[in-house]
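Comments concern the structure below.
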Amino acid sequence: MTIDEPGPTGGRPPAGAVLRPHAEQEYAGELARLAEHDDRPRPPGWRLSPWAVTLYLLGGGLPDGTVIGPKYVGPRRLVEVAVATLATDRALLLLGVPGTAKTWMSEHLAAAVSGDSTLLVQSTAGTSEEAVRYGWNYARLLAEGPSEKALVEGPLMRAMRTGSVARIEELTRMPSDVQDTLITVLSEKTLPVPELGTEVQARKGFTVIATANDRDRGVNELSSALRRRFNTVVLPLPASAEDEVEIVARRVGEIGAALELPEGPAGLEEIRRVVTVFRELRSGVTGDGRTKLKSPSGTLGTAEAISVVTSGLALAAHFGDGVLRAADVAGGIVGAVVQDPVSDRVVWQEYLETVVRDRPEWLDFYRACREVS
Ligand SMILES: Nc1ncnc2c1ncn2[C@@H]1O[C@H](COP(=O)(O)OP(=O)(O)O)[C@@H](O)[C@H]1O
Ligand SMILES: [Mg+2]
């Protein structure tokens, strides 16, 4: 079966068999309840009002008792600014260090606003203008010449035609001249197709959410002309260790359920420890402020903490007694910290021998780390 031929379920695998459902699939229930209760004005082309989109992102309760789980944990004002921007004619740029939920927030915003988070351009140094604008079905193009049928629309063009949110991941990784093709789209809301002598005019509801890493080195700066088309929202690292523990615990629970890992106790103590180690190493100082530390080269963000704990849960479930213990996370932590085998190892050894060893309640963790280091 080719991808064009819908099977019995419309070409899609049955629900529950998908490894990672899109946000609008996974949270279809919440989005439907929100739409039911949402009596505030919706901007043209929006599925929900800005109020309901914000509620979807930050979580809260509905009058009928439905509980909407928080997707993003962070300052309310940030989310409000992001949502308000989407209701204007300006595009939204989410900026931040790796693991601050830029991609995550852009997916959920697109799901809540347009009901579709899949109109996505993943930028790399090799991203071409075709990937951003449109391409051609070359067999058709050669046989019939340029025609509507031979044109293959990209995610951006589709978003314009349907009045939806287009997502551009890692905007600053695409070459500058390709970035420039976005300027017309964002300022004129039009994508010309000179080959056909036509253009696609964006329907109401069309907008762009781009993400960019503000720590990327050696990438293409955003031109000032393009930057002016965006409102920028900077996503911070989680403010407190407790916030970060909550984010990790919630996400690990969801991922564990999706992977159908045997259910075990949450292992909150272990999660707290992973978060503490990562926060101390990335901030360069221990939690009590007493000891200065060297920071390792790699990113020790929330996303890394989530993956260390998820792997630990799999170890505990399949090879341990189901309870997440120090030995299940030690390997993951060392792997995440020691990216450069020489310099990071020195940083790690110093942390292990001066900080970890001095915490009596961390003895099990110290031993487990010694074993894998
Ligand atoms: N403030 C936060 N609130 C909720 N989830 C978060 C937060 N920060 C990080 N995460 C989690 O971290 C993971 C990685 O985020 P991601 O969007 O890939 O980061 P980025 O694109 O900024 O590098 C996501 O699974 C998300 O659930
Ligand atoms: Mg990302």
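Here is a check on your reading of the model: is residue 191 aliphatic (A, V, I, L, M) and in a strand (DSSP E or B)? Lay out the reasoning, then the answer.
On the way: aliphatic (A, V, I, L, M): yes; in a strand (DSSP E or B): yes.
In short, yes.
Look at (1) within 16 Å of ligand 2 (Cβ to nearest atom); (2) assigned by TED's automatic domain parsing to the domain that holds residue 136 and you find that residue 197 fails only one, number (1). Within segment 223-233, at least one residue is closer than 25 Å to residue 107 by Cβ and under 16 Å from the mean Cα position of the chain (by Cα).
For the structure I just gave you, tell me whether residue 155 is away from ligand 2 (no atom under 16 Å from the Cβ), of a type outside the set (D, E, K, R) and closer than 12 Å to residue 208 by Cα.
yes
Scanning segment 82-102 for residues that are farther than 26 Å from residue 282 by Cβ and not hydroxyl-bearing (Ser, Thr, Tyr), we see that the one that is farthest from ligand 2 (Cβ to nearest atom) is 89.
Scan segment 347-362 for residues that are more than 16 Å from residue 330 (Cβ to Cβ) and touching a residue at least 40 places away in the same chain (Cβ under 8 Å) and report the count. The number of residues fulfilling the criteria is 3. Across segment 291-316, the number of residues qualifying as within 16 Å of ligand 2 (Cβ to nearest atom) and not in a loop (DSSP other than H, G, I, E, B) comes to 6. Looking at segment 218-227, is at least one residue within 25 Å of residue 303 (Cα to Cα), in the same structural domain as residue 44 (by TED's automatic domain parsing), within 16 Å of ligand 1 (Cβ to nearest atom) and assigned to a loop (DSSP other than H, G, I, E, B)? Yes: one or more hits. Here residue 257 fulfils each of the conditions (1) surrounded by fewer than 16 Cβ atoms within 10 Å (Cβ to Cβ); (2) of a type in the set (Gly, Ala, Ser); (3) more than 22 Å from the chain's Cα centre (by Cα) apart from (3). Beta carbons closer than 6 Å, at least 6 apart along the sequence or on distinct chains, pair a first residue in segment 106-125 that is assigned by TED's automatic domain parsing to the domain that holds residue 177 and over 9 Å from residue 167 (Cβ atoms) with a second that is hydroxyl-bearing (Ser, Thr, Tyr) and surrounded by fewer than 24 Cβ atoms within 10 Å (Cβ to Cβ) for 111/117.
Tell me, which helices (runs of 4 or more DSSP H) wholly within segment 59-164 include 1 or more residues that are within 16 Å of ligand 1 (Cβ to nearest atom) and either buried (at least 20 other Cβ atoms within 10 Å of the Cβ) or aliphatic (A, V, I, L, M) (or both)? Before the answer, list the steps.
On the way: elements: 76-86, 102-114, 129-132, 138-144, 155-162.
Of the helices (runs of 4 or more DSSP H) lying wholly inside segment 59-164, those with at least 1 residues that are within 16 Å of ligand 1 (Cβ to nearest atom) and either buried (at least 20 other Cβ atoms within 10 Å of the Cβ) or aliphatic (A, V, I, L, M) (or both) span 76-86, 102-114.
More than 16 Å from residue 95 (Cα to Cα), buried (at least 17 other Cβ atoms within 10 Å of the Cβ) and in the same structural domain as residue 45 (by TED's automatic domain parsing), is that true of residue 205? Yes; evaluated as a whole, the condition is true for this residue.
Residue by residue, here is whether (1) more than 25 Å from residue 261 (Cβ to Cβ); (2) within 28 Å of the chain's Cα centre (by Cα); (3) of a type outside the set (A, V, I, L, M) holds:
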{"residue": "285", "(1), (2), (3)": "yes, yes, no"}
{"residue": "291", "(1), (2), (3)": "yes, no, yes"}
{"residue": "296", "(1), (2), (3)": "yes, yes, yes"}
{"residue": "312", "(1), (2), (3)": "no, yes, yes"}
{"residue": "317", "(1), (2), (3)": "no, yes, no"}
{"residue": "327", "(1), (2), (3)": "no, no, no"}
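The values are calculated or read from the model by the stated rules, or taken from the named source; none is laboratory data. The model shown is predicted, which means the values in this text are computed figures rather than measured ones. Note that we place each Cβ from the backbone using ideal geometry, even for glycine, and neighbour counts take in every protein chain shown.
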